[in-house]
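The values are calculated or read from the model by the stated rules, or taken from the named source; none is laboratory data. All figures in this text were calculated on a predicted structure; none of them were measured in a lab. Please note: Cβ atoms are built from the backbone with ideal geometry, for glycine as well, and neighbour counts cover all protein chains shown. Areas reflect the complete protein model, heavy atoms only, side chains present, ligands, DNA and RNA absent. Shrake-Rupley method; radii C 1.70, N 1.55, O 1.52, S 1.80 Å.
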Amino acid sequence: MAKCPKCSVQNPDDSNFCRRCGTKLPGGDQADTTITYAPADRVDLDEGFLPQELLHSGSGLLIRAGGGREGEVIPLTGDVVTIGRSPHSDIFLDDVTVSRHHARVIRDENGFLVEDLSSLNGTYVNRKRIERHRLADRDELQIGKFKLAFYEPETEGR
């Protein structure tokens, strides 16, 4: 295991960047190559897929599988949230199946959209490849080998 020099999180030896904060780890290969990856079978989102304390904390993404980050919650607080393998992405996903600038989530007056940024492996919502998609509560995103669940608490007026 490789310890992150910035946040002290333990990372697998083959990691180039910290899975928690995105800091470059000592050693490792910084290849620009992105390998291809097909979407896996859908994970059912049952009634208990989110911890109860998150149901009223605002919209976000829950990492359900991939990269050893299962269970991590990412609040969607900005108007544009970038997703990719670049350590400068708002949501850093360290895996060669993820493009450096893979996708982004955009907040507008009607909710949230996810938009693929011409990534090699594509962005999938509910196992369908998309270019742009309006997100609904419990939609499942797949970006490379990562599966993320979108959650949006019910609000008055919706």
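Say whether the condition of being modelled with pLDDT under 75 and of a type in the set (A, V, I, L, M, F, W, C) is met by at least one residue in region 59-69.
Scanning region 59-69 turns up no residue that is modelled with pLDDT under 75 and of a type in the set (A, V, I, L, M, F, W, C).
Would you mind listing the strands (runs of 3 or more DSSP E) fully within region 91-153 where at least 3 residues are closer than 27 Å to residue 4 by Cβ and in contact (Cβ under 8 Å) with a residue 12 or more places away in the chain?
Passing ranges, in order: 103-108, 140-143, 146-151.
Could you list all residues from region 1-27 that are hydroxyl-bearing (Ser, Thr, Tyr) and either in contact (Cβ under 8 Å) with a residue 24 or more places away in the chain or closer than 11 Å to residue 87 by Cα (or both)?
Within region 1-27, 15, 23 qualify.
For region 20-38, state whether one or more residues are touching an Asp or Glu at 6+ places or on another chain (Cβ under 7 Å) and either at pLDDT below 80 or charged (D, E, K, R) (or both).
There is no residue in region 20-38 that is touching an Asp or Glu at 6+ places or on another chain (Cβ under 7 Å) and either at pLDDT below 80 or charged (D, E, K, R) (or both).
Does any residue of region 71-86 turn out to be closer than 29 Å to residue 1 by Cβ and basic (Lys, Arg)?
Within region 71-86 (the criterion being closer than 29 Å to residue 1 by Cβ and basic (Lys, Arg)), the answer is yes, since at least one residue qualifies.
Go over the candidates 115, 109 one by one and state the one that is among the charged types (D, E, K, R) and over 17 Å from residue 61 (Cβ atoms).
So the residue among 115, 109 that is among the charged types (D, E, K, R) and over 17 Å from residue 61 (Cβ atoms) is 109.
Restricting the search to region 131-158, which residues are under 15 Å from the mean Cα position of the chain (by Cα) and over 18 Å from residue 79 (Cα atoms)?
Listed by number, the residues that qualify are 138, 139, 140, 141, 142, 143, 144, 145, 146, 147, 148, 149.
Looking at the structure I just gave you, is residue 53 modelled with pLDDT under 90 and open to solvent by 20 Å² or more (accessible area, probe 1.4 Å)?
Here the answer is yes, as residue 53 does meet what is asked.
Kindly provide the set of residues from region 77-90 that are among the small types (Gly, Ala, Ser) and not in a loop (DSSP other than H, G, I, E, B), ordered by number.
84, the sole residue that qualifies.
So which residues in region 86-122 are open to solvent by less than 30 Å² (accessible area, probe 1.4 Å), within 26 Å of residue 11 (Cβ to Cβ) and out of contact with any His (no Cβ under 7 Å at 6 or more places or on another chain), if there are any at all?
Result: 89, 91, 92, 93, 95, 97, 98, 99, 102, 103, 105, 121.
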